[in-house]
Amino acid sequence: MRRTTTRSRTRSGRARSALDAGYDECRRLVRTTRPTEYALMQLMPPVVRPVSWALYAAFGYADDLLDLSEEAPRERGRRLREWRAALEADLASGTSDDPIRLALTDAVWRWGLDLGDLLGALDAVQRDDDRKGVTTWQEWRERAHAQNISWPEQLMRMLVRCGLPVPVRLRDLAGFTRFVEGLFLTDMLRDLPEDLDGGHVWFPAEVLDRFHVTPDELISRQWTPAVQRMIGHLAGEAREWLEGSRRALRGSLPLGPAIVLDTAVDLFGAELDAIVRAGSAALRRPVRVARHTEWRILAPARARAAVVWRLTLPPGRDTAMDTAMDTVGRAGADGSPRDDTAPAPLAGPERHTARIAEPPLPPRPHRDGARPPAIAAAHLPQHVAIVMDGNGRWATGLGLPRDEGHRAGAVALRDVVQGALEIGLPHLTVYAFSTENWKRSPDEVSKLFAIMRAELLDGELLDHDVRLRWVGSPDGLPDDVVNVLRSQEHATRNRTGLTLNVCVNYGGRAELAQAGAALARAALAGEVDPARVSEQLFAAHLPHHALPDVDLLWRTSGEIRTSNFLPWHAHYAELHFTDQPWPEVDRRDLWAAVTAYTHRKRRKGGTTTPTVPTRAPGETEG
Ligand code: IPE
Ligand code: IPE
Ligand code: MG
């Protein structure tokens, strides 16, 4: 990876940073040991590629540690356990002295990847440590899933974070697990010579029995008719699973990932053909697909992928990670203090450098081309506040863990922010975490914060004309969340478009009590005469006194309450309740809410009933 920004130019001539070297090492490993997978990774948007090298290299490395055939099994297992423990320590500290772990740590931090899921997959690799083969296809499948679903899933998550609207987990798509099985079996056939060198047969015993093949026959490379039939059968199975997954996934994947999948099926199919054609040689040495075959598959795929990513990802997200690497903040691998030209280390106070697009990009259009209603500025609400509710129920309803709901909720918020920019809304306030939400499980809370942090660090709002304000208390919040909120507030302070107030650790009553305490202190100090405490004076003592009154308060997910949200500011807000859970919302729902608002008669205690007409096609309250 070669960085091209000014900052990296200032570093040219010096030794490459440890992080660059880490990613380069991962790339080298993948390219030399798994050229097919490497070619597939190069079909991903450039910003995703380094992470895919890091993920794949880490898994490959762990796998290779177990394959060190010259070592005693116990020794191999110990090495892998040590490596995993070191990785966990690196992930906690945000840096590493090992190139592969450094790249992986950076990728995990930068993109908010699901650590639990990744470590779980590593553990599944480690379970192979016993070197015991499996008996049934069922066991074989479980092993295939446990080891291989996590990392493509993380890549998909990155694409979602880049703005691709697919808030689903790959593992829930019919056909995806079949794809993983096809890939695992192809890999096993391709690795056969090496595995047999180590004395391992990984096919399930039931298939050996069915073809009357013994492990010893394979290990001694006897090309009997039975062995030939079995290899042919296994290659056929792998091809059928891959093709079946292509049929099942067609239509449920967005274009970009669909091209990668399609090409994977073609390339692995070509490998299977080559293995079958190689006959007995397939037991002895690795089989390679002919270059021209590879080229015939890859050349058109590359061209299509490049166009599709450009069309489907928001501007800037289809390009290299270099920009993000230099501006988001990165692992301080050399431990040097930060200066204006050096990249920032990842963790700790004041260590986030915002990636700000200057000038800000125009709003990203709606993915189906929906256009905003034309509402005159005079008729727009000045301040819309949203209780983004229903993430958990949405996820549970789909059989997903609750944090997937929060993740999908973040995607929904991105779209709503774009819609707010499109209609020129001045203030949007969203309830992200209430003081009551501490009652949730520590696991949910920490995942929520991880999602929030990742979103704030690298969400698309930084690309647009959004000024971020944090509303809430630092009490009890993790330092890294406080830091990222403060640094992004600071970074966006000169933006003049939408002010996005994010309520994190916010409680309405706590806010009122704080204002009361501040007034009492001022009275004791003789600065305030209790007899003169007016509404205005009280409001001036609120911790977030710059927040304007709320005109429209909207809550999703069918709950009809305000849950301690903005009691002072929303005292005369128009209320709007909708049934859909927050992850299902997009900007069109904001426009419908705002349009409905324009039909409200806001008397505010008076008798005149001014209507607020709109130039939008006549929509009524939904
Ligand atoms: C809202 O969704 C998000 C937060 C409170 C952080 P919920 O997590 O409350 O989802 P439900 O209400 O349980 O479905
Ligand atoms: C309100 O939702 C808080 C946020 C959306 C952050 P909750 O889901 O926490 O509220 P209750 O528990 O339904 O009142
Ligand atoms: Mg809720």
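Subtracting the Cα-Cα distance from 0.36 nm times the residue separation, let me have the gained length for E240 to N494 in nm, one decimal. Walk me through the numbers before you get to the answer.
Numbers: separation 254, 0.36 × 254 = 91.44 nm, distance 5.68 nm.
Length gained between E240 and N494: 85.8 nm.
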Item to complete: Could you calculate the contour length gain from V533 to D209, that is, 0.36 nm times the residue separation minus the distance between their Cα atoms, to one decimal place in nm?
Response: 107.8 nm
Worksheet item: How high is the relative contact order of the range 171-312, in percent, counting Cα pairs under 8 Å that sit 6 or more residues apart?
Response: 33 percent
Fill in: Qualifying trypsin sites (Lys or Arg not before Pro) for the range 167-247 [loop in DSSP, other Cβ within 10 Å: at most 16]
R221
Fill in: Hull volume in cubic angstrom per residue (convex hull over the Cα atoms of the chain)
175 Å³
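Going highest first, how would you order 97-106, 284-293, 196-205 by mean Cβ packing within 10 Å? Working shown, then result.
Numbers: 97-106: 23.3, 284-293: 13.5, 196-205: 16.8.
Put in order of decreasing packing, that is 97-106, 196-205, 284-293.
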Practice prompt. Starting from the Cα of K447, draw a straight line to each of the aspartates and glutamates and keep only those under 16 Å, dropping any in the same chain fewer than 8 residues away.
Written response: D114, D117, D403, E404, E455, D479, D480
Discussion item. Regarding the range 171-312, what's the average projected area of the Cα-atom convex hull, expressed in nm²?
Written reply: 9.2 nm²
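Using the heavy atoms of the protein chains alone and a 1.4 angstrom probe, what is the accessible area of the chain per residue in square angstrom?
Accessible area per residue, the chain: 44 Å².
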Item to complete: Calculate the spin-label point distance for Q382 paired with A513, positioning each point 7 Å from the Cα along the beta-carbon direction, and give it in nanometres.
Response: 3.0 nm
Discussion item. Quick check: Cα centre of the range 99-159 to Cα centre of the range 189-205, how many Å?
Written reply: 21 Å
Fill in: Separation between Cα centres of the range 225-253 and the range 399-439, rounded to whole Å
42 Å
Worksheet entry | Helix-derived mean residue ellipticity, 222 nm - over the chain, DSSP H n ≥ 4, -39500 (n - 2.57), to 500 | -16500 deg cm²/dmol
Response to the item:
With a 1.4 angstrom probe the carbon and sulfur portion of accessible area for the chain, in percent, totals 53 percent
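Restrict the search to the range 512-573; then list the GluC sites (Glu not before Pro) that DSSP places in a loop and that have at most 10 other Cβ atoms within 10 Å of their Cβ.
Details: sites: E527, E535, E559; in loops: E527, E559.
Answer in residue order: E527.
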Item to complete: Count neighbours as other Cβ atoms within 10 Å of each site's Cβ, and list the GluC sites (Glu not before Pro) in the range 24-114 that are DSSP loop with at most 10 such neighbours.
Response: E70
Fill in: Spin-label pair A92/D549, simplified geometry with 7 Å Cα→Cβ offset, distance in nm
5.2 nm
Practice prompt. Could you work out, for the range 166-227, what percent of all Cα-Cα pairs fall into each 10 Å distance bin, beginning at 0 Å and stopping at the bin that holds the largest distance?
Written response: 20, 41, 22, 14, 4
Worksheet, complete the sentence: If amide H atoms are modeled at 1.01 Å from N in the peptide plane, then the residues at a separation of 5 or more from N501, or on another chain, having amide H under 5 Å from its own are L428, T429, V430, R469
Worksheet item: Can you list residues whose amide H is under 5 Å from E574's amide H, if they're 5+ apart or on another chain and H is modeled 1.01 Å from N?
Response: L552, L553
Fill in: Normalised contact order of the range 381-450, rounded percent, pairs of Cα under 8 Å and 6 or more residues apart
43 percent
Worksheet item: When only C-alpha pairs under 8 Å and at least 6 residues apart count, what is the relative contact order of the chain, in percent?
Response: 13 percent
Discussion item. If I stretch the segment between T396 and W438 completely, what's the gain in nm (0.36 nm per residue apart, minus their alpha carbon distance), one decimal?
Written reply: 13.1 nm
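The values are calculated or read from the model by the stated rules, or taken from the named source; none is laboratory data. Just so you know, these numbers come straight off a predicted model, no measurement behind them. Don't worry about glycine lacking a Cβ; one is built from the backbone with ideal geometry, like all the others, and counts go over all protein chains shown. Surface areas here come from the heavy atoms of the whole protein model, side chains and all, with no ligands, DNA or RNA. Shrake-Rupley method; radii C 1.70, N 1.55, O 1.52, S 1.80 Å.
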